[in-house]
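Heads up: the structure comes next, in structure tokens.
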Amino acid sequence: MDVADIHILSVGTALPGPPVDNATLAGHFGMGDIWEQWIDAFVGTRTRHLAVDLESGQVSHSLADLGESAARQALERAGLDPIDIDVVVLNTATPDQLMPTTANIVADRLGINNIPTYQVQSGCSGAVQAIELGRLLLLAGGHRTALVIGGDLCARFFDPKTDLNALPPGELVNMVLFGDGAGAVVLSTEPTPGATLLRSPVSRFTGLGRAPGQALEWFGATDQDGRPFAVEDYKAIEEHVPEMAAEILDELLDELDWDRADLTHLLPPQLSGKMTRTIMERLGDLPLREISCVADTGNTGNGLPYLQLERAVAEMGPGDRAIGIAIESSKWITSGYALERL
């Protein structure tokens, strides 16, 4: 085994409640068939899972709930107990509280204690950043197994009683784009039969001098000042994300000395179903299997790369190679990683 080899032993995921389709969403907001057709055409997302009940407005799951469920599933699939974990990293843009960290709440629920825990706050690239951090901690020595958890609860930032006719496009798109979810991955320095090799995770801030493509506020009791909780510059995202995805794909292929023909799977950025199609067109002709789930789960932010990873790890066979890409538009971070099944 190469000293830099880190293995993915297992992946677990968690989604809250049953899927909510576009017809249900349109009916709830009283928007009718035209709005349902707009979601299909403009966003390309068919269903999403929400941690908030549309009718009552009650929150049914916390991020800690979903993170704990995904982590327990990952540990079970790896054949490990919480005591076997040497370090925990959790990534999210929407922690349950500012303090204590959601990472420590989940660790406590799992019965994990007396080990390092870290929380990474970031957008869609956060999963890759957390996996990169987990890998570096393992390579630094002294740790053999890392539990990396990530996810987001976006629905609690939106009022299910909102009059959508009064919203500008930058806010309206958020009402249909996002879903809630979480995932977890177990990383280890010690390979086991069937484990997937993790190679070259990279994340890079590329937002110098560039306006944010997305903003999610966290207001105190006195500073809301009429600002919306969330806004999205969808046009900027449409313009920049496909190009950034192509750049990180080429960079990883060059670093690994792989050809495009060597790839069997690709995990593209997952903003929406329509955006995924646009990204794949920009990446050109790739003779491989695309691993996408956003059209069925909605944009779960930090949870999406784990949902993709779960599918990829289950599908990959001996000799298969994959690249995963995640782009954060809030202040522009490009990230990616490679997988190989020996």
In region 27-47, is there at least one residue being touching a Gly at 6+ places or on another chain (Cβ under 6 Å), in contact (Cβ under 8 Å) with a residue 24 or more places away in the chain and within 17 Å of residue 302 (Cβ to Cβ)?
no
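For the structure I just gave you, tell me whether residue 224 is modelled with pLDDT of 90 or more and either charged (D, E, K, R) or at negative phi (or both).
Details: modelled with pLDDT of 90 or more: no; either charged (D, E, K, R) or at negative phi (or both): yes.
When the stated conditions are applied, residue 224 does not pass them.
What's the total number of residues in region 148-175 that are of a type in the set (D, E, K, R), at pLDDT 75 or above and buried (at least 17 other Cβ atoms within 10 Å of the Cβ)? Break it down into steps so the answer makes sense when it comes.
Here is the first cut: in region 148-175, the ones of a type in the set (D, E, K, R) are 152, 156, 159, 161, 163, 171.
Filter once more, so that each one left must be at pLDDT 75 or above: 152, 156, 159, 161, 163.
Still in the running and buried (at least 17 other Cβ atoms within 10 Å of the Cβ): 152, 156.
Total meeting the criteria: 2.
Residue 298 - would you say it is over 23 Å from residue 210 (Cβ atoms) and either at pLDDT below 95 or surrounded by fewer than 22 Cβ atoms within 10 Å (Cβ to Cβ) (or both)? Walk me through it before giving the result.
Numbers: over 23 Å from residue 210 (Cβ atoms): yes; either at pLDDT below 95 or surrounded by fewer than 22 Cβ atoms within 10 Å (Cβ to Cβ) (or both): yes.
Yes, satisfied.
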Restricting attention to region 33-43, does a residue exist that is surrounded by 15 or more Cβ atoms within 10 Å (Cβ to Cβ) and under 30 Å from residue 130 (Cα atoms)?
yes
Which members of region 257-276 meet the condition of being over 20 Å from the mean Cα position of the chain (by Cα) and either outside the structural domain of residue 316 (by TED's automatic domain parsing) or modelled with pLDDT of 95 or more (or both)?
257, 258, 263, 264
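What helices (runs of 4 or more DSSP H) completely inside region 109-228 contain at least 1 residues that are over 20 Å from the mean Cα position of the chain (by Cα) and of a type outside the set (Phe, Trp, Tyr)?
126-139, 169-172
Yes/no matrix, rows are residues, columns are (1) surrounded by 14 or more Cβ atoms within 10 Å (Cβ to Cβ); (2) of a type in the set (Lys, Arg); (3) in contact with a Ser or Thr (Cβ under 6 Å, 6 or more places away or on another chain):
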site: 18; (1), (2), (3): no, no, no
site: 21; (1), (2), (3): yes, no, yes
site: 68; (1), (2), (3): yes, no, no
site: 88; (1), (2), (3): yes, no, yes
site: 101; (1), (2), (3): yes, no, no
site: 107; (1), (2), (3): yes, no, yes
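Any residue that is farther than 21 Å from residue 120 by Cβ and out of contact with any Leu (no Cβ under 9 Å at 6 or more places or on another chain) - is there at least one of those in region 74-92? Walk me through it before giving the result.
Residues of region 74-92 that are farther than 21 Å from residue 120 by Cβ, as a first pass: 76-81, 83-84.
Pick out the ones that are also out of contact with any Leu (no Cβ under 9 Å at 6 or more places or on another chain) and you get 76, 83.
Yes, region 74-92 has at least one match.
Of the residues that sit in region 250-269 and are in a loop (DSSP other than H, G, I, E, B) and in contact (Cβ under 8 Å) with a residue 12 or more places away in the chain, which one is surrounded by the fewest Cβ atoms within 10 Å (Cβ to Cβ)? Explain how you work it out, then say what you get.
Within region 250-269, the first condition is being in a loop (DSSP other than H, G, I, E, B), and the residues that meet it are 257-259, 263-264, 268-269.
Filter once more, keeping what is in contact (Cβ under 8 Å) with a residue 12 or more places away in the chain: 258, 263-264, 268-269.
On the way: 258: 16, 263: 20, 264: 19, 268: 28, 269: 30.
So, considering only residues that are in a loop (DSSP other than H, G, I, E, B) and in contact (Cβ under 8 Å) with a residue 12 or more places away in the chain, the one surrounded by the fewest Cβ atoms within 10 Å (Cβ to Cβ) is 258.
Being closer than 22 Å to residue 152 by Cβ and not in a helix (DSSP H, G or I) narrows it down to one of 90, 66, so name that one.
Working: 66 fails: not in a helix (DSSP H, G or I).
When all the criteria are applied, what remains is 90.
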Can you tell me which of (1) on the phi > 0 side of the Ramachandran plot; (2) of a type outside the set (Val, Ile, Thr); (3) over 17 Å from the mean Cα position of the chain (by Cα) is the one residue 298 doesn't meet?
(3)
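State yes or no: is residue 337 modelled with pLDDT of 95 or more, assigned to a helix (DSSP H, G or I) and within 27 Å of residue 154 (Cβ to Cβ)?
On the way: modelled with pLDDT of 95 or more: yes; assigned to a helix (DSSP H, G or I): no; within 27 Å of residue 154 (Cβ to Cβ): yes.
It is false that residue 337 is modelled with pLDDT of 95 or more, assigned to a helix (DSSP H, G or I) and within 27 Å of residue 154 (Cβ to Cβ).
Every residue in region 15-55 that is in a loop (DSSP other than H, G, I, E, B) and over 30 Å from residue 104 (Cα atoms), please.
Within region 15-55, 29, 30, 31, 44, 45, 46, 55 qualify.
The values are calculated or read from the model by the stated rules, or taken from the named source; none is laboratory data. Computed from a predicted structure; not experimentally measured. Neighbour counts are summed over all protein chains in view; Cβ atoms, including those assigned to glycine, are modelled from backbone coordinates with ideal geometry.
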